[in-house]
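A short worksheet on the structure shown next.
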Amino acid sequence: MTRHLSDEEISAWVLGERTPMQEAHLAGCRECGIRTGRLQAALSGFRESAIAWAAREQHAVPVPTAPRWWQPRSQWLLAAAALVLMTAVPAYRSYSAHLSAARERTVLDAAEDTALLNQVDTQISRAVPGPMEPLVPLVAWNTDANDTHKGNNETNR
Ligand SMILES: [Zn+2]
């Protein structure tokens, strides 16, 4: 290659598009070497100033950290759990006490019911109600309706 590199060829060579003929010309031509070196220096200066500007203008962005158990949101969660426990445990205790009391009451009620039924049964099985029993000897019973009472009446006389 006898002619010098054009501006476009120098730009392409600086950007990496190089042919063996250009390489051979640049190895022997001082003028093209100076022009290529000047463009490379300008580009590298631009690159360094752009990096410096970016580093200078870059603002620190706060990176959110993972919440830890002692941070406020977790503290609210723990407080809510404690509140639930504080209300649930006494409620459960009173409920179980209520259950056992109800069970005892049921047993007592059953005993009272049994006693009442027995009392009613004995009163029903009587021929005459208890308060009227002293009057039984004074009453004349129908003879064919109830022989046992008649017999009792006769034995009482
Ligand atoms: Zn040249």
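Some points to look at:
- Theoretical gain in end-to-end length, Leu138 to Trp76 [0.36 nm per residue, Cα-Cα removed]: 13.7 nm
- Gain upon complete extension [Arg18, Ala111; 0.36 nm per residue less C-alpha separation]: 22.3 nm
- Residue ranking by accessible heavy-atom surface, 1.4 Å probe, largest first, among Leu39, Leu108, Leu5 comes out as Leu108, Leu39, Leu5.
- Solvent exposure of the stretch 17-94 as accessible area per residue, Å², 1.4 Å probe: 89 Å²
- Estimated inter-spin distance, Tyr92 and Trp53, nm [label 7 Å along Cα→Cβ]: 6.8 nm
- For the stretch 79-125, the square roots of the Cα gyration tensor eigenvalues, ordered a ≥ b ≥ c, give a/c of at least 1.5 with a/b greater than b/c, which places it in the prolate category.
The values are calculated or read from the model by the stated rules, or taken from the named source; none is laboratory data. These figures come from a predicted structure and were not determined experimentally. Don't worry about glycine lacking a Cβ; one is built from the backbone with ideal geometry, like all the others, and counts go over all protein chains shown. These accessible areas exclude ligands, DNA and RNA; they are computed on the full protein's heavy atoms, side chains included. Shrake-Rupley method; radii C 1.70, N 1.55, O 1.52, S 1.80 Å.
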